[in-house]
Amino acid sequence: QVQLVESGGGLVQAGGSLRLSCAASGDIESIPAMGWSRQAPGKQRELVATMTRGGSAVYADSVKGRFTLSRDNAKNTVLLQMSSLKPEDTAVYYCNAEIVSWGMARRSYWGQGTQVSVSS
């Protein structure tokens, strides 16, 4: 019913920039929240950033000032602009969306994950 398609992962050097995009499609009435989480090797998955439809955003302390999240509600997409990347940003990044389908309760959906690698 609902699918999240991610793009934009890759390998960059420290200090560089990268943009991740996620688009939701399918049976969607609304998306109360949409954003990104990440999981580094040997680490627990952590929230990177998430944003409501109204534009209220929450960022992990480790990325504040470097990452910027934006949403295009008309296209059901979210963009994570990552700047001043550090090796510790290396992780698999997962798009996450809280989605309300027509006639259904709110559910969480996850993308397949995209690798972001930052070299020293």
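The values are calculated or read from the model by the stated rules, or taken from the named source; none is laboratory data. Bear in mind the structure is a predicted one, so any value in this text is a computation, not a measurement. Here Cβ is always computed from backbone atoms with ideal geometry, including for glycine, and neighbour counts include all displayed protein chains. SASA here: full protein model, heavy atoms, side chains in, ligands and nucleic acids out. Shrake-Rupley method; radii C 1.70, N 1.55, O 1.52, S 1.80 Å.
Sub-8 Å Cβ pairs linking a first residue in segment 23-40 that is open to solvent by 20 Å² or more (accessible area, probe 1.4 Å) to a second residue that is in a strand (DSSP E or B) and of a type outside the set (A, V, I, L, M), at least 6 apart or interchain, are Ala23/Thr77; Ser25/Gln3; Gly26/Gln3; Pro32/Thr52; Pro32/Glu98; Pro32/Arg106; Gln39/Glu46; Gln39/Tyr94, ordered by first then second residue. In this entry, Gly55 passes the filter for residues that are open to solvent by 30 Å² or more (accessible area, probe 1.4 Å) and either free of Cβ contacts under 8 Å to residues at least 60 places away in the same chain or on the phi > 0 side of the Ramachandran plot (or both). Among the candidates Lys43, Lys86, Lys64, Lys75, the residue that is charged (D, E, K, R) and free of Cβ contacts under 8 Å to residues at least 24 places away in the same chain is uniquely Lys64.
The residue list Pro87, Pro41 contains one member that is within 30 Å of Ser120 (Cα to Cα) and modelled with pLDDT under 95, which is Pro41.
One residue alone among Tyr109, Tyr93 is more than 21 Å from Gln1 (Cβ to Cβ), outside any loop (DSSP other than H, G, I, E, B) and of a type outside the set (A, V, I, L, M), and that residue is Tyr93.
Could you tell me whether segment 4-21 includes any residue that is of a type in the set (S, T, N, Q) and over 13 Å from Val116 (Cα atoms)? No, every residue in segment 4-21 fails to be of a type in the set (S, T, N, Q) and over 13 Å from Val116 (Cα atoms). Ala14 falls short on exactly one of the conditions (1) open to solvent by less than 40 Å² (accessible area, probe 1.4 Å); (2) aliphatic (A, V, I, L, M); (3) more than 11 Å from the chain's Cα centre (by Cα), and that condition is (1).
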